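Read the structure below first, then the notes.
Bear in mind that the values in this text are calculations on the coordinates, not laboratory data. In this text the structure is predicted, and so the values were computed from the model without any measurement. Using ideal geometry, Cβ is built from the backbone for each residue, glycine included, and neighbour counts are taken over all protein chains shown.
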Amino acid sequence: MSTTQIEKRESNLDAGERGTKTVYVHTFGCQMNKADSENMLGLLDEIGYKQTEDVKGADLMILNTCAIREGAEDKVYSYLGAWNKFKQKRPGTLIAVGGCVAQDEGEKLVARAPYVDIVFGTHNLFRLPELVNRAQETNQHVVEVFQELPEDLPELPVIRQNDFSAWVSVIYGCDYNCTYCIVPYVRGRERSRTPDEVLKEIKELADAGYKEVTLLGQNVTAYGHDLKPVRHLGHLIEMVGELDSIKRIRFLTGHPRDLNPEIIDSVKRTPSACEYFHIPVQAGDDRTLRRMARGYTIDFYRKKIDEIRSRIPDAAITSDLIVGFPGETEDEFLNTVRLVEEMCFDACNTAAYSPRPHTPSKSWGEQVPEDVKFERLRLLNTVVSEVSHRRNKRYLGQTVELLVEGLSQRNDERLMGRTRSNKVVHFEGPVELTGKLVNVKIEAANPWALRGTLAN
Ligand code: SAH
Ligand code: SF4
Ligand code: F3S
């Protein structure tokens, strides 16, 4: 397998002119899935497939799927139905499904969507070129799902979708068994990449002009416990911190139990490590947390947040929250609302509990009725946005550094960038600033974003 390469996307037209084939990838789910899609593009490039943005004209369509909630899974089948129509108009087009739904369903996916040509799981990404070639040659369904990652993790080629900010997976899988969560089933046990491997990849990124890296894992704060010698995420952050041209280091997603003070100290010591912590609490109630098998109490979580804020007072802290977990009473739900107010989270991803296959809580009695879940979600979202608004107003009048990501999707006369604390900021400026660090003075704040003007 060739070493990691950084390549720019080539245009559709170029690909057509050279008579090569084209691949369209659509990604659902978390950043790990986005990173995997970039590896799929790298792998397919090696057998002559160039990326296209035109789904209807693609020779190969790949859906990289997410199984976290039922709604995410339903979207997979509605996308596939639409893709089948494109395929009918262009016989010979291949449809491949990868990611977490594919890992879970394997053959069942082909039974439900017989026009799918290839199903591959989360542990055998590196086999994609072989599977595509086989599907082409045999004209038969190819379904291959491994139960775990191979012993030696292959180094995968990559075609990144962004040339200044990069995802870097550092640990795969999750060793927790939260009673609602399908991730351990579809992503397997934790496996850390070695610091040497990670550093080699990030040095290449630095040489190629990348300014930001996000170290990824379903449970990134557990990084290194399985290595010999044992390492922790803080070691990695400090090593990456030595690379002058990497201006921002982020990490996602943290688990409160593994966020040890050494990691927080490394963030504090490393100038390029962003003062931003995504540390999902999931619920604000001890009985619920116990039944979720999260492995901590609210008091423990509170102390973690104190550990962060006492060392890095301005740190932004965000969380994920679930409402309507089986058996959650009204009062237990209100404890979650109270916690959001007490913790003053900068932002929260909220979701109504969704029963998932292979999880214990799916078959528990006391499932909360849908209308109650959605009423709780609505109330929680109101409080989350009030609290975020309050947090965002602190920035009014301040001048902050942004990494400019490009045109704003909401208003394409403006640019969009992020602060070190991961706040989205809109401002007016030339599009050539994309990928650059600029200073912006904040003039307005709403719950989800800030607005400002260029200060340099
Ligand atoms: N490892 C991270 C979370 C990864 S999954 C952690 O432990 O915090 C991303 C988010 O999806 C979770 O934080 C949770 O809020 C949500 N989620 C997972 N399973 C869910 C389910 N069955 N129903 C609703 N939301 C769920
Ligand atoms: Fe899922 Fe829990 Fe693992 Fe997070 S820690 S991925 S919620 S099992
Ligand atoms: Fe979804 Fe799989 Fe990520 S279930 S959240 S894509 S690990």
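Across segment 286-393, Cα pairs under 8 Å and at least six residues apart give a relative contact order of 30 percent. Remark: spin-label model distance Arg302-Arg134 equals 5.5 nm, labels positioned 7 Å along the Cα→Cβ axis.
The radius of gyration of the Cα set in the chain, together with its Dmax, comes out at 22.3, 64 angstrom. Packing order of peptides 20-31, 350-361, highest average first: 20-31, 350-361 (average count of other Cβ atoms within 10 Å over each peptide's residues). Dividing the Cα radius of gyration of segment 162-274 by its Kirkwood radius returns 0.97 for Rg/Rh. Residues whose amide H lies under 5 Å from that of Asp175, counting only those 5 or more places away or on a different chain, are Glu190; hydrogens are built 1.01 Å from N in the peptide plane. Efficiency by 1/(1 + (r/R0)^6): what FRET value for Trp448 and Glu238, r their Cβ-Cβ distance, R0 = 41 Å, to the nearest 0.05? Approximately 0.80, to the nearest 0.05.
Which whole-number percentage describes the relative contact order of the chain, with Cα contacts under 8 Å and a sequence gap of 6 or more? Reported relative contact order: 10 percent. For segment 117-205, the relative contact order comes to 25 percent (Cα pairs under 8 Å, sequence separation of at least 6). Please identify which residues in segment 432-456 have an amide N closer than 16 Å to a label point set 7 Å out from the Cα of His389, following the Cα→Cβ vector. Hits in segment 432-456 for His389 at 16 Å: 444-451.
Spherically averaged projected area of the convex hull of Cα atoms, segment 384-455: 4.2 nm². Name the cysteines of the chain that stand alone by the Cβ rule: no other cysteine Cβ under 4.7 angstrom. Cys30, Cys66, Cys100, Cys174, Cys274, Cys344, Cys348 - these cysteines have no disulfide-compatible partner (Cβ-Cβ under 4.7 Å) in the chain. As a calculated quantity, the FRET efficiency between Lys75 and Ser245 at R0 = 41 Å, using C-beta atoms, amounts to about 0.60.
Modelled label positions at Arg414 and Asp54, each set 7 Å beyond Cα in the direction of Cβ, lie 3.4 nm from each other. Of the residues Gln51, Gln88, Gln31, the one whose Cα sits farthest toward the positive end of the charge dipole of segment 3-144, with +1 on the Cβ of Lys and Arg and -1 on the Cβ of Asp and Glu, is Gln88. Per residue, the chain reaches -10500 deg cm²/dmol at 222 nm when only DSSP H runs of four or more residues are counted, each adding -39500 (n - 2.57). Computed FRET efficiency, Cβ-Cβ of Asp314 and Gln88, R0 41 Å: what is it to the nearest 0.05? The pair Asp314/Gln88 has a calculated efficiency of 0.15. Binning the C-alpha pair distances of segment 60-129 at 5 Å intervals from 0 yields a P(r) profile of 4, 18, 31, 26, 15, 6, 1 %, listed from the shortest bin outward.
Volume of the convex hull of segment 3-144 (Cα atoms only), normalised per residue: 106 Å³. Extension gain, Val230 to Lys268: 0.36 nm times the residue separation minus the Cα-Cα distance gives 11.5 nm. Phi angles across segment 411-417 convert, under the Karplus curve 6.51 cos²θ - 1.76 cosθ + 1.60 with θ = phi - 60°, into 3J(HN,Hα) values of 8, 7, 8, 10, 9, 10, x Hz, Gly and Pro given as x.
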